[in-house]
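The values are calculated or read from the model by the stated rules, or taken from the named source; none is laboratory data. Predicted model only: the values in this text are computed from it and were never measured. Cβ sites come from the backbone with ideal geometry, for glycine too, and all protein chains shown count toward neighbours. The protein model used for the area step is the full one, side chains on, heavy atoms only, and it has no ligands, DNA or RNA in it. Shrake-Rupley method; radii C 1.70, N 1.55, O 1.52, S 1.80 Å.
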Amino acid sequence: MVLASCAGGLILDRRGSVHGSQRAPPPIVTSPLLSPGPSLAELDARARDIFRRVVESYLETGDPVGSRTLSKGGVHLSPASIRNTMQDLTQLGLLGAPHVSAGRAPTHAGLRLFVDGLLEVGDVAEDDRRSIEARLTGKGMNFEEALNEATAILSGLAGGAGVVVSPVRDAGVKHVEFVSLSTDQALAVMVFEDGVVENRLMKLAAGVTPSALQEASNFMNARLRGRTLNEAKAEVRHELDTARTQLNEVAARLVEEGLAGWGGGEGAERSLIVRGRANLLHDREALDDLERVRMLFDDLEQKEQLIGLLDDVREAQGVRIFIGAETRLFSLSGSAVIAAPYMTGQQKVLGAIGVIGPARLNYARVIPLVDYTARVLSQVANG
């Protein structure tokens, strides 16, 4: 995937190339596996129409919707008939009553059903496309700066908190070596095929000999060379359990500690960028429930869990949406996550970028924004 400029701007086609006169392809949206719930097939035409209108009105205004509002809005039924249908939708778990006699609002299950079956996803506006492209492809910007800028773009355009996780290192291992520094300290060195070198200081037990260091180095090189660390870690640990009788116990302990050092560093060294927390305070519904906002702010501080959630998005083929309890991390705050993977020109996923906000996000607008930003970020990652 190569980014090229044309008179009409930079627009990605379905193959990922860029043409000035074409619009970006529509995003592919995938959903997490959920427990069975009501389906659109269970709703007749009247119920489906009223359900759609309730959700669309709620997403636009943030207010629960009453039968009189729908009657005045073009539903050619009496308020009593509309109320009966809304009651049926409530019993199905698709609508709820946030306040006594205040109309109905979609539940998280209702929002999921709407997003999966009734949502009409909009296109990215021309001005937004040009802004995203210009801000991510500026001269002299490195990829780390582009990641930071991408979160700022999404937080500004989508109205939630923009979040991105840096890529997982996927280069193969070229060489491993344990180097003695003193009687009680060694340096574990790992050289990757892309030229990156990672070092870990290790404490040594008394009596560790140079031969034990060499034996541990040989064991690691034989099993890691040419493979990614993630690919080989589990197998090396398994082989280590069966090879202890042939491998010097001191060398086995070095291998074990070396793997733990590199494995533990991997998550810690990956950066998680969150921008736009203040946007979460602009939502009127959120201001009515400051405790929920506080829980969301606490959630956004859970770096490892957020990285884990975004890593789940790496398995998706397109934009992925989580609403409320569909993620353990955001189940209490009832927030929504819309995220998409960014990847190499060979379609190898590097990481994920997305928006986190209240469940009442503007899905029709945010989904294509996240998708398009991820596509342009993929172009940047490929130079």
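Between amide H atoms placed 1.01 Å from N, distances below 5 Å from residue 125 occur with no residue 5 or more places distant or on a separate chain. Cross-link partners for residue 303 among the lysines, with Cα-Cα distance under 27 Å and sequence neighbours closer than 8 places in the same chain left out: 233, 348. Here residue 174 is the anchor, and the aspartates and glutamates within straight C-alpha reach of less than 16 Å, apart from those fewer than 8 places off in the same chain, are 193, 194, 198, 231. Subtracting the Cα-Cα distance of residue 193 and residue 362 from 0.36 nm times their residue separation leaves 56.5 nm of extension gain.
Per-residue Karplus couplings for segment 219-230, computed as 6.51 cos²θ - 1.76 cosθ + 1.60 with θ equal to phi - 60°, are listed in order as 4, 5, 4, 5, 10, 9, 4, x, 10, 6, 4, 4 Hz, Gly and Pro entered as x.
Count Lys and Arg as plus one, Asp and Glu as minus one, and take only other residues whose Cβ is under 12 Å from that of residue 71; the net charge is then +4. With the Cα gyration tensor of segment 166-240 giving a ≥ b ≥ c as the square roots of its eigenvalues, does the rule (a/c under 1.5 for rounded; else a/b larger than b/c for prolate; else oblate) give rounded, prolate or oblate? In terms of gyration-tensor shape, prolate.
Packing order of peptides 126-138, 144-156, highest average first: 144-156, 126-138 (average count of other Cβ atoms within 10 Å over each peptide's residues).
Descending by average beta-carbon neighbour count within 10 Å, the peptides 158-167, 172-181 line up as 158-167, 172-181, the highest first.
Accessible surface of segment 297-337, 1.4 Å probe: 41 percent of it comes from carbon and sulfur atoms. Net charge in the neighbourhood of residue 376 (other residues with Cβ under 12 Å of its Cβ; Lys, Arg +1, Asp, Glu -1) is 0. Across 209, 183, the residue with the most accessible area heads the list, and the full order at a 1.4 Å probe is 183, 209. Computed from backbone phi with θ = phi - 60° and the Karplus coefficients 6.51, -1.76 and 1.60, the 3J(HN,Hα) list for segment 125-130 is 4, 4, 4, 5, 4, 5 Hz; x is used for glycine and proline. For segment 44-106, the solvent-accessible area of protein heavy atoms averages 54 Å² per residue (probe radius 1.4 Å; ligands and nucleic acids excluded). What is the sum of charges, Lys and Arg at +1 and Asp and Glu at -1, for the other residues whose Cβ falls under 13 Å from the Cβ of residue 118? Overall, the nearby charge balance is 0. Accessible area per residue (1.4 Å probe, heavy atoms of protein chains only) ranks 380, 255 as 380, 255, with the largest value leading.
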